[in-house]
Ligand code: KG4
Ligand code: ZN
């Protein structure tokens, strides 16, 4: 069994995964969304303090598994420096106390493996990662052959939802709040420009759209009873159209056979439906994580760790360090 820890942002989570079967024997996550909601985004120092409280509590519940642990894994990159440290320090302490090897896991690879929790892997695939920190398309052939073919030049897809929600005073995380508000809105009411629509680049950008939405929200605020649902719907529509337009362009050169969407924002049903439509003419298979494993969790870190364990991909205690900004 492997014990895995996730603390790269605002979720404290620990999982226990059986090496031979990939079975998830234990998983618990304590989310800090409520605590950060009043600030409209994650406050790193507050997040670190909450991890320091939550992780030991969850770890206590794992005690019955300690005697069977073969390794301890932890997200070491990328993420917030002050929160990564919490998980990594705990993992090192466990490695020393139980005299077991240590595995440092890349959070982004974790999101890819959220597709395969309690399952066998299925490669090759083209993968769209849409989270709070990243928006990128990757060609994934195996654990060690991952090529990023397109990424955001500024804000990420999920981050733009968070910022737009903050402008509307909705709270954090913005993704589910905007998605909910958009359901009853008119998607065509606000004619926001699709980012980079005239550019041949296969890349993403959300800062311009975010600013256009800010102006519309400020205008709406002037009315007697501000109602943001049409702005939310039009924003979600254009944010998604930007992704599908660039993917359509990409598919002209690389035809998709198996396509996956992962990351917190892959829970967005409007996005899922638009990508399904896009894949239809290609007859490509769409892989999605279970809803509960789209956002950050330790089960996905444990699933990667099983693969790394089988390949002896261990780190020494002195060697394993956090790398807040690494990229794939
Ligand atoms: O993967 P994740 O939990 O954390 C990171 O690795 O960043 O993703 C969190 C992000 C947040 O920005 C959140 O607003 C966004 O995913 N998100 C959504 C939805 N659910 C979560 N964005 C759009 N629609 C959603 N339904
Ligand atoms: Zn994540």
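Residue check: is residue 232 within 13 Å of ligand 1 (Cβ to nearest atom), farther than 30 Å from residue 95 by Cβ, touching a residue at least 40 places away in the same chain (Cβ under 8 Å) and more than 20 Å from the chain's Cα centre (by Cα)?
Details: within 13 Å of ligand 1 (Cβ to nearest atom): yes; farther than 30 Å from residue 95 by Cβ: yes; touching a residue at least 40 places away in the same chain (Cβ under 8 Å): yes; more than 20 Å from the chain's Cα centre (by Cα): yes.
Yes; evaluated as a whole, the condition is true for this residue.
Could you please find all residues in region 267-291 being within 16 Å of ligand 2 (Cβ to nearest atom) and without any contact (Cβ under 8 Å) to a residue 40 or more places away in the chain?
Residue satisfying the conditions is 291 alone.
If residue 20 satisfies every condition in (1) more than 16 Å from ligand 1 (Cβ to nearest atom); (2) without any contact (Cβ under 8 Å) to a residue 24 or more places away in the chain; (3) not in a loop (DSSP other than H, G, I, E, B) but one, which is the exception?
The failed condition is (3).
Restricting attention to region 89-109, which residues are assigned to a helix (DSSP H, G or I) and away from ligand 2 (no atom under 16 Å from the Cβ)?
Of the residues in region 89-109, the ones assigned to a helix (DSSP H, G or I) are 89-98, 107-109.
Selection gives 89, 90, 91, 92, 93, 94, 95, 96, 97, 98.
Within region 128-159, can you find the residues that are more than 14 Å from residue 206 (Cβ to Cβ) and within 15 Å of ligand 2 (Cβ to nearest atom)?
The initial filter retains those residues of region 128-159 that are more than 14 Å from residue 206 (Cβ to Cβ), namely 128-129, 137-149.
Hits for region 128-159 are 128, 129, 138.
If a residue must be within 25 Å of the chain's Cα centre (by Cα), free of Cβ contacts under 8 Å to residues at least 24 places away in the same chain and in a loop (DSSP other than H, G, I, E, B), how many such residues does region 184-221 contain?
Count: 1.
Can you confirm whether residue 161 is part of a helix (DSSP H, G or I), more than 23 Å from residue 302 (Cα to Cα) and either more than 8 Å from ligand 1 (Cβ to nearest atom) or in contact with a helix residue (DSSP H, G or I) (Cβ under 7 Å, 6 or more places away or on another chain) (or both)?
Working: part of a helix (DSSP H, G or I): yes; more than 23 Å from residue 302 (Cα to Cα): yes; either more than 8 Å from ligand 1 (Cβ to nearest atom) or in contact with a helix residue (DSSP H, G or I) (Cβ under 7 Å, 6 or more places away or on another chain) (or both): yes.
Yes; evaluated as a whole, the condition is true for this residue.
In region 41-72, how many are under 30 Å from residue 174 (Cβ atoms), touching a helix residue (DSSP H, G or I) at 6+ places or on another chain (Cβ under 7 Å) and either modelled with pLDDT under 95 or outside any loop (DSSP other than H, G, I, E, B) (or both)?
10
The values are calculated or read from the model by the stated rules, or taken from the named source; none is laboratory data. Being a predicted model, the structure only gives us computed values, none of them experimental. In this analysis, Cβ positions are derived from the backbone assuming ideal geometry, glycine residues included, and neighbour counts consider all displayed protein chains.
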